[in-house]
Amino acid sequence: MKQDNSDVKEALIEGILFVVGVFLYALCFNLFLIPNDLVVSGFSGVAIVVQKLFGWPASTFIYITNAILLVVSFIFLGWKLTKRNIAGSIMYPLMITVSEPIANFWDNYIIGDDFYLVLLFAIILYGVSSGLIYRTGFSTGGSDIIMQILNKYLNISESKAMIVANSLIIIIGMIVFGFNKGVYSFIILICSTYFIDKIMFGLSDSKVFYIYTKKLRKIKKLILDDFQTGFTSIPSRGGYSQKRGFMIMCVVSNMDYYLFKQKILEIDPQAFIIINSCYEVNGGVKRRTLPFL
């Protein structure tokens with residue numbers, strides 16, 4: 001019963017994050033992208049171009065293309081993958097309609113005529129909303145369906161297909177709206193990935209160290225006595241020397257990063273150290289003052 005309640009709670013949180021993400025994504029589209037002719041990605045970008053050239057409302061274009069692509073998805077991808085696209089394909093154009101009056105109101109009171117401020121807000125809102133959507137595992141339909149089809153039938157990874165597609169869409173926007181607008185669109189696409197990563201993976205509040213040293217006992221004593229945290233000894237074998245030994249793995253907070261590294265090199269200047277950002281730690285023996293507890 002507890003497991004069922006946990007699943008329901010997780011599904012509810014996931015649903016809320018998805019709705020919020022799609023709303024913010026649609027708000028960004030209405031508030032920043034359409035008024036400033038910023039063709040960033042996907043069929044949303046194509047909709048802005050179509051609206052400029054033919055006068056079709058962007059929301060109408062997205063409604064129609066998403067409906068068509070859902071049918072295409074069912075034919076080529078089957079029901080299992082299509083059901084992950086249904087919610088976003090319906091929700092996104094709906095949220096564009098809902099957020100349009102809100103965007104029109106805020107446009108007069110919040111942003112003003114400073115284009116660089118518009119660019120900054122667009123980067124943040126586009127990145128945060130995309131991160132929330134990706135984190136739930138859903139999509140907004142549209143170009144994501146095309147990527148999935150290319151991945152299935154042409155064995156092209158979705159990430160590569162997305163890079164190529166978005167680049168082409170930005171180039172089209174550059175031709176229609178000018179070189180500068182294309183550059184600004186590219187800046188939004190690139191810079192927003194920072195916020196997407198932070199939403200997806202969280203903030204790195206600690207560092208994981210992999211240490212190969214001849215002063216094994218002294219390093220272990222340093223970890224236990226000075227930094228009061230645990231470690232794991234991993235059996236290792238040198239690829240060139242073929243010498244057997246042990247590699248120490250341990251996690252320290254970002255606050256202790258530089259001091260810990262310095263102390264290791266003081267004990268053994270020849271120590272081999274690999275350091276990576278650590279986003280989550282569960283279990284094990286951890287120092288009580290670490291921020292992730």
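The values are calculated or read from the model by the stated rules, or taken from the named source; none is laboratory data. Just so it is clear, the model here is predicted, and its values are computed rather than measured. Here the Cβ is made from the backbone with ideal geometry for all residues, glycine too, and neighbour counts use every protein chain on show.
Here are the numbers for the structure shown:
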{"item": "Residue within the range 211-232 that is at negative phi, in contact (Cβ under 8 Å) with a residue 40 or more places away in the chain, among the small types (Gly, Ala, Ser) and not assigned by TED's automatic domain parsing to the domain that holds Ile273 present", "result": "no"}
{"item": "Looking only at the range 67-89, and only at residues there that are within 22 Å of Ile16 (Cα to Cα) and surrounded by 16 or more Cβ atoms within 10 Å (Cβ to Cβ), the one that is modelled with the lowest pLDDT", "result": "Arg84"}
{"item": "Meets criteria (buried (at least 19 other Cβ atoms within 10 Å of the Cβ), farther than 30 Å from Ile267 by Cα and modelled with pLDDT under 85) for Ile145", "result": "yes"}
{"item": "Extreme residue, nearest to Phe227 (Cα to Cα), among residues of the range 258-275 that are part of a helix (DSSP H, G or I) and among the hydrophobic types (A, V, I, L, M, F, W, C)", "result": "Phe260"}
{"item": "Any hit, the range 26-37, residues being at pLDDT 90 or above, surrounded by 21 or more Cβ atoms within 10 Å (Cβ to Cβ) and of a type in the set (S, T, N, Q)", "result": "yes"}
{"item": "Test: residue in the range 184-191 that is surrounded by fewer than 17 Cβ atoms within 10 Å (Cβ to Cβ), within 30 Å of Leu33 (Cα to Cα) and free of Cβ contacts under 8 Å to residues at least 12 places away in the same chain", "result": "yes"}
{"item": "Segments classed as helices (runs of 4 or more DSSP H), wholly inside the range 1-116, with at least 3 members that are under 22 Å from Phe186 (Cβ atoms)", "result": "2-28, 42-54"}
{"item": "Residue check, Ser130 modelled with pLDDT under 80, buried (at least 16 other Cβ atoms within 10 Å of the Cβ) and small (Gly, Ala, Ser)", "result": "no"}
{"item": "Candidate set from the range 135-157 (those that are in contact with a Gly (Cβ under 6 Å, 6 or more places away or on another chain) and part of a loop (DSSP other than H, G, I, E, B)); member that is farthest from Met200 (Cα to Cα)", "result": "Gly142"}
{"item": "Candidates Lys261, Lys207, filtered to the one that is basic (Lys, Arg), surrounded by 16 or more Cβ atoms within 10 Å (Cβ to Cβ) and touching a residue at least 60 places away in the same chain (Cβ under 8 Å)", "result": "Lys207"}
{"item": "Residue within the range 158-173 that is in a helix (DSSP H, G or I), touching a Phe, Trp or Tyr at 6+ places or on another chain (Cβ under 7 Å) and touching a residue at least 40 places away in the same chain (Cβ under 8 Å) present", "result": "yes"}
